[in-house]
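J.: Before I ask anything, here is the structure I am working with.
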Amino acid sequence: MSLAALIGALAIGLALGLLGSGGSILTVPVLVLLVGQDEKLAIAGSLLVVGVIALAGALYGLRARAVDGRSVLWFGGAGAAGAALGAAVSAFVPGPLQLAIFGVVMWLAAWTMLRRRAPAIESVHPPRARRWLIADGLGVGAMTGLIGIGGGFLIVPALVGLGRLPMPRAVATSLWIIAINAFVGFAKHLAVLGSARATLDLQVLGTIAAIGAAGSVAGQHYGRRLDPVALRKAFAVMLVLIGAAVLWRSADRLLA
């Protein structure tokens, strides 16, 4: 693996630990642009990497008693169902098109992170909030299964705005939901890859996951000392640039 790929692996974990979101959206670009993997292999492999890294951070949050079990149950349960469905649908979607969708989602993530503030949560009625949490969970899970991202940039705002969780608790909870979605999606992708006789490079994936897991724990540990607004803005700019590179690559493949 190149030095750039190793740095990319560290960035995945740091972003997840610092922001509770966004890190997983770097995994597919790292595997496609820096490691040189095929889109479908990268998407499947990213789910394993994201699941391991998110689980490492989630266990740290559980130790700190910062996880909201109800949100994991409602959002995570719906997300697991959505991830299985998205992974099944991915078998019928060309790899370059999946990559194009991924690039658009990166720009959506950047726009979400650049918004100044989330809507006020006092006016949200709890039963309605639960229904929206389940619907959001299904949508995020489907996106996880289809294009291999964790969706934390959507999960964290939902947990804050609908679940009424404080930001640190939402971040710790989101990591459990990301891990659940990723592992369910990965299991489904394994069956799809098996039918296509494609194999994953477990050595590369294991290296990225190990470095990312260390970065995730470090990000949670040191994140309280940093300005979260400045972090989100800087990360959003990076997503715009990487998203442009992903869209350029997908367009080149689609038009070839």
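The values are calculated or read from the model by the stated rules, or taken from the named source; none is laboratory data. Note that the coordinates shown come from a computational prediction; the quantities given were computed from them, not determined experimentally. Here the Cβ positions follow ideal geometry from the backbone for every residue, glycine too, while neighbour counts run over all protein chains shown.
J.: Hey, can you tell me all the residues within region 197-236 that are polar (S, T, N, Q) and in a helix (DSSP H, G or I)?
T.: In the first step, residues of region 197-236 are kept if they are polar (S, T, N, Q); the result is 199, 203, 207, 216, 220.
Residues satisfying the conditions are 203, 207, 216, 220.
J.: Could you give every pair whose Cβ atoms fall below 9 Å, whose first residue belongs to region 129-151 and is under 13 Å from residue 80 (Cα atoms), and whose second residue is part of a loop (DSSP other than H, G, I, E, B) and of a type in the set (Val, Ile, Thr), counting only separations of at least 6 or pairs across chains?
T.: 140/149; 143/149; 146/93
J.: Say we look at region 131-180 and pick out the residues that are in a loop (DSSP other than H, G, I, E, B) and touching a Ser or Thr at 6+ places or on another chain (Cβ under 7 Å); which of these is farthest from residue 71 (Cα to Cα)?
T.: The qualifying residue farthest from residue 71 (Cα to Cα) is 148.
J.: How many residues does region 44-55 hold that are surrounded by 24 or more Cβ atoms within 10 Å (Cβ to Cβ) and either touching a His at 6+ places or on another chain (Cβ under 7 Å) or more than 19 Å from residue 142 (Cα to Cα) (or both)?
T.: 3
J.: Output the helices (runs of 4 or more DSSP H) that fall wholly within region 1-98 and possess 2 or more residues being modelled with pLDDT under 85 and under 21 Å from residue 239 (Cβ atoms), or say none.
T.: Values: elements: 3-19, 39-63, 77-90.
Passing ranges, in order: 3-19, 39-63.
J.: Next question, about the same structure. Which numbered condition trips up residue 183, out of (1) assigned to a loop (DSSP other than H, G, I, E, B); (2) touching a Gly at 6+ places or on another chain (Cβ under 9 Å); (3) surrounded by fewer than 21 Cβ atoms within 10 Å (Cβ to Cβ)?
T.: The number of the failed condition is (1).
J.: Would you confirm, using the coordinates I've provided, whether residue 247 is surrounded by fewer than 15 Cβ atoms within 10 Å (Cβ to Cβ), outside any loop (DSSP other than H, G, I, E, B) and in contact with a helix residue (DSSP H, G or I) (Cβ under 6 Å, 6 or more places away or on another chain)?
T.: no
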